[in-house]
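Step one of this worksheet: look at the structure below.
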Amino acid sequence: MYTSVLMIFGILITEIFPSSFATLFNAGSSREYFIGAMRIISISFIFAGINVAYQGIYQALDGGMESLIISLLRQLVIILPLAGIFSIFVRKGRAGVSLIWWAFPITELAACLIGFAFLKKIHTWAPFPDRDLSTKGLIPLSSHIFLSVSTSLCHSLSCLLYTSDAADDLI
């Protein structure tokens, strides 16, 4: 619940004050690209929060492999090929640069669905039948959420700087 509230709060701030973020990161001549990118990427915050919660749950329930899989899906397996495919469309002039940013929400949504499937598997599997999991404390999600959002913002900024150079070539 807290994860969803924090992520919705992050989405609202990013959607309402995108120019403040552009100023904060000194976007310069890439300001419009930055604002467009942040508006698209912020959609993924809600799914990113859920994914981080899933990862914490799996770690707490001795599901390290599931946690690792979600992390790899989010940071490598889905996003990089998807952004690469989208960039081909951009280079061929079939789509605008903003298409590349849609890789973030699509990746987070896909990882979220896979995480839900893992949760269903763990729910029916019961990894600790002899332990009362209601007394086992989960990893504090606020630290995971902060790291996830800050990592996403830094990753987005680095991708923005890379694609803004590519966009300047298109103009």
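Worth pointing out:
- Here the contact order of the stretch 1-104, divided by its residue count and restricted to Cα pairs under 8 Å and six or more residues apart, works out to 25 percent.
- Computed from label points 7 Å out along Cα-Cβ, the spacing between Leu119 and Glu32 is 4.1 nm.
- Rolling a 1.4 angstrom probe over the stretch 1-88 with all protein chains present gives an accessible area of which 73% lies on carbon and sulfur atoms.
- Local electrostatic count at Ile85 - Lys and Arg +1, Asp and Glu -1, tallied over other residues with Cβ under 14 Å: +3
- Tensor-based shape of the stretch 1-117 (alpha-carbon gyration tensor, a/c under 1.5 rounded, otherwise prolate or oblate): oblate
- Hull-based mean projected area of the stretch 61-125, where the convex hull spans the alpha carbons, in square nanometres: 4.4 nm²
The values are calculated or read from the model by the stated rules, or taken from the named source; none is laboratory data. The structure displayed is predicted, hence computed values, not measured ones. In this analysis, Cβ positions are derived from the backbone assuming ideal geometry, glycine residues included, and neighbour counts consider all displayed protein chains. Note: accessible area is taken over every heavy atom of the protein model, side chains too, but ligands, DNA and RNA are not part of it. Shrake-Rupley method; radii C 1.70, N 1.55, O 1.52, S 1.80 Å.
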